[in-house]
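What follows is one structure encoded as structure tokens, with my remarks underneath.
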Amino acid sequence: MTNQTFCRTCGAEILETSEICPKCGVRQCGVRQFGVIQNQIKNPGFAAVASCLWVGLGQIYNGEIGKGLLFMVIQMVNALLVWHESTSDFALRTLILNL
């Protein structure tokens, strides 16, 4: 016999492994598949704060690891370009002032 549970929205009896309730169509969070809880709800506030602290951390927290790493690499390239431009501009100004 399969394990039954109830829809979190309409209360209809559904399979424990059902991702979507067939009666109301609402996605069930925390669906148990192969003994592991899938689709855990992540805290969007924590993801936003993590992204503010370091670009890409919010994406990694949400499980989008590739996207988060890509954002980190892009941000590092941007930081290097800004640093390079600021140091070359500083060297140019110093050279002009010494003339």
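Data overview
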quantity	calculated
Length released on extending from W83 to L53, taking residue separation times 0.36 nm less the Cα-Cα span	8.8 nm
R27 versus K42: modelled label distance in nm, points set 7 Å from Cα along the beta carbon direction	1.2
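Any read-out appearing in this document is the output of simple, stated calculations on the displayed coordinates, not a laboratory observation. Worth saying up front: this structure is predicted, and the values here are computed from it rather than measured. Ideal geometry is used to build each Cβ from the backbone, glycine not excepted, and the neighbour counts take in all protein chains shown.
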